[in-house]
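Please treat every number below as a calculation from the coordinates, not as lab data. Note that the structure is a prediction, hence the values are computed from the model and not measured. With ideal geometry, Cβ positions are generated from the backbone for all residues, glycine too; neighbour counts draw on all protein chains shown.
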Amino acid sequence: MSEEALWIFGYGSLVWRPAFVYAERRPAYLHGFVRRFWQGSTDHRGVPEAPGRVVTLAAEAGERCWGMAYRVADEDAEAVMGGLDHRESGGYERRQVVLHAADAGEPLAEGYVYFATAANPNYLGDAPMAEIAAQVRRSHGPSGANLEYVLRLAESLRAHGAEDEHVFELEAALSDL
């Protein structure tokens, strides 16, 4: 397991739009977490008066959250972390976790991930899927339509063979509207 390199784990837009320089990109997962559309976005996929919904992690024993692990070169680490701290400032906090390589199933490295907890002012929490879908459908922010975020995430997860019942259920609910 690599302990010296800087690794970042993306499970939302970082899966399909990292927008930072990286030296290596690998499909990976976190043990004990699931991805949920429980975080409000007032700065990227919505606005303060009409927040969009983006993903955060929820602890769930025995589960895996699939995403992308990015290794960042030492010379880029400070700029990448500064950019991510700004990008994820809408209620997320950075935590260190153990990343597992998707192809090997063994620990890959310690890395950083951004969590949004119920303690932040943009946290929306759980809701019926039809309500989440309606909110996503009507939300738009400086980074684009909330709908694009959901569809690109679902597309990217499928491209890597990753299963995510919550994301795919929301995708299906959006096509029903």
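Taking first residues from region 63-83 that are surrounded by 15 or more Cβ atoms within 10 Å (Cβ to Cβ) and partners that are assigned to a helix (DSSP H, G or I) and among the β-branched types (Val, Ile, Thr), the Cβ contacts under 9 Å between residues at least 6 apart in sequence or on separate chains come to Trp66/Val15; Gly67/Val15; Met68/Val15; Tyr70/Val80; Val72/Val80. Under the condition of being crowded, with 18+ Cβ neighbours inside 10 Å and part of a strand (DSSP E or B), the residues counted in region 86-111 number 7.
Does Ala145 qualify as being surrounded by 14 or more Cβ atoms within 10 Å (Cβ to Cβ), within 20 Å of Glu49 (Cα to Cα), free of Cβ contacts under 8 Å to residues at least 60 places away in the same chain and not basic (Lys, Arg)? Show your work before the answer.
On the way: surrounded by 14 or more Cβ atoms within 10 Å (Cβ to Cβ): yes; within 20 Å of Glu49 (Cα to Cα): yes; free of Cβ contacts under 8 Å to residues at least 60 places away in the same chain: no; not basic (Lys, Arg): yes.
Answer is no for this residue.
Residue count for region 17-42 under the criterion of being among the small types (Gly, Ala, Ser) and surrounded by fewer than 17 Cβ atoms within 10 Å (Cβ to Cβ): the result is 3.
Quick check on my filter: what residues within region 150-164 are out of contact with any Asp or Glu (no Cβ under 7 Å at 6 or more places or on another chain) and either without any contact (Cβ under 8 Å) to a residue 40 or more places away in the chain or in a loop (DSSP other than H, G, I, E, B) (or both)?
Listed by number, the residues that qualify are Arg158, Ala159, His160, Gly161, Ala162, Glu163, Asp164.
What residue, among those in region 1-41 that are of a type in the set (Ser, Thr, Tyr) and part of a strand (DSSP E or B), is nearest to Phe168 (Cα to Cα)? Out of the qualifying residues, it is Tyr29.
Output the residues belonging to region 77-117 that are among the charged types (D, E, K, R) and over 18 Å from Arg26 (Cα atoms). Once the filter is applied, which keeps residues that are among the charged types (D, E, K, R) and over 18 Å from Arg26 (Cα atoms), region 77-117 yields Glu78, Asp85, Arg87, Glu88, Glu93, Arg94, Arg95.
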